[in-house]
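Comments concern the structure below.
Bear in mind these aren't lab numbers, they're just calculated from the coordinates by the rules spelled out. All of these numbers come straight from a predicted model, not from anything done at the bench. Backbone-built Cβ (ideal geometry, glycine too); neighbour counts: all protein chains shown.
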Amino acid sequence: MDPSVQSQAKTGAPIQTDAGSKTSHTKSDALLELVLSCLDDDKAEDIVSINLDGKSSMADHMVIASGRSGRHVGAVADHLTRKIKEAGFGAARVEGKAQSDWVLIDGGDVVIHIFRPEVREFYKLETMWSADVSAERIAIS
């Protein structure tokens, strides 16, 4: 597994630490901790955090999680956006909440995707974003 990918088991096991993580506690790290904590509290499943450093300039982290049903996905998204705002990170932008198959929450430094399990399996975002970009560049050269 790519060291930039961290995952949390359904049993609430701790998030694996990134081998190259920085010890400084930045705003994006605080937001990431809040997001992971809220998702865990709301019983989201298969939580994966991907460090986007060197992969994209759109955000510092991407978090992918599953809800058990459309209603659960919508409830988790509602609660998470409320917590992000209450914590002082501003109003997160939300897409897809009406259908609740795949809800995208743009928290600025952290982008969160909450899926129904079958939709997540179809798109496989974590596979695409966890690829080692530097290794691909070396192989192409």
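Looking at (1) buried (at least 19 other Cβ atoms within 10 Å of the Cβ); (2) out of contact with any His (no Cβ under 6 Å at 6 or more places or on another chain); (3) not acidic (Asp, Glu), which is the one condition that is false for residue 64?
(2)
Is there a residue in the stretch 26-39 that is more than 18 Å from residue 88 (Cβ to Cβ), surrounded by fewer than 18 Cβ atoms within 10 Å (Cβ to Cβ) and more than 11 Å from the chain's Cα centre (by Cα)?
no
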